Amino acid sequence: MASNNHNGRHTIILLQNSPSRATRTFMDYDSIGQAMDGICGLYERKLKEINPSLRNLSYDIADLYNFMDGFADMSALVYEHSMHAYLPYDRQWIKQKAFSHLKRLANGGK
């Protein structure tokens, strides 16, 4: 059951903004859902920088995917309790999880 539970699975998002290795960074979260919120938050902050006068931001999943594709590299490490190890996931997996997460939020959180 633990492998299907997204809560309590420590998640590290690895980002590289440009081809330069000096732009590598990471963000860590207590769950996959929090990590997806964090990625959306990064995008929303970027939108606010570009459009500082907008009060209400709106975007669709394609916009978020384009933002994710703008990183030279993006991946995730998710802790798997049963293995006592972090498992790597690619950008496509992150996109799928972000879509599922936003869909769940749009449907009232469940």
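The values are calculated or read from the model by the stated rules, or taken from the named source; none is laboratory data. Given the structure is predicted, the values throughout are model-derived calculations rather than measurements. Because the Cβ atoms are built from the backbone with ideal geometry, glycine has one as well, and the counts that use them run over all protein chains shown. Heavy atoms of the whole protein, side chains included, go into the accessibility calculation; ligands, DNA and RNA do not. Shrake-Rupley method; radii C 1.70, N 1.55, O 1.52, S 1.80 Å.
Every residue, every condition in (1) in contact with a Cys (Cβ under 9 Å, 6 or more places away or on another chain); (2) within 16 Å of residue 98 (Cβ to Cβ); (3) part of a loop (DSSP other than H, G, I, E, B), yes or no:
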residue: 9; (1), (2), (3): no, yes, yes
residue: 18; (1), (2), (3): no, no, yes
residue: 39; (1), (2), (3): no, yes, no
residue: 49; (1), (2), (3): no, no, no
residue: 62; (1), (2), (3): no, yes, no
residue: 67; (1), (2), (3): no, yes, no
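Quick check: anything in the range 93-110 within 26 Å of residue 22 (Cα to Cα), within 14 Å of the chain's Cα centre (by Cα) and in a loop (DSSP other than H, G, I, E, B)? Within the range 93-110 (the criterion being within 26 Å of residue 22 (Cα to Cα), within 14 Å of the chain's Cα centre (by Cα) and in a loop (DSSP other than H, G, I, E, B)), the answer is no, since none of the residues qualifies.
Select, from 59, 65, 43, 79, the only residue that is touching a strand residue (DSSP E or B) at 6+ places or on another chain (Cβ under 8 Å) and either open to solvent by 70 Å² or more (accessible area, probe 1.4 Å) or not polar (S, T, N, Q) (or both).
Testing whether each residue is touching a strand residue (DSSP E or B) at 6+ places or on another chain (Cβ under 8 Å) and either open to solvent by 70 Å² or more (accessible area, probe 1.4 Å) or not polar (S, T, N, Q) (or both) leaves just 79.
Scanning the range 84-100 for residues that are aliphatic (A, V, I, L, M) and free of Cβ contacts under 8 Å to residues at least 12 places away in the same chain turns up 85, 87.
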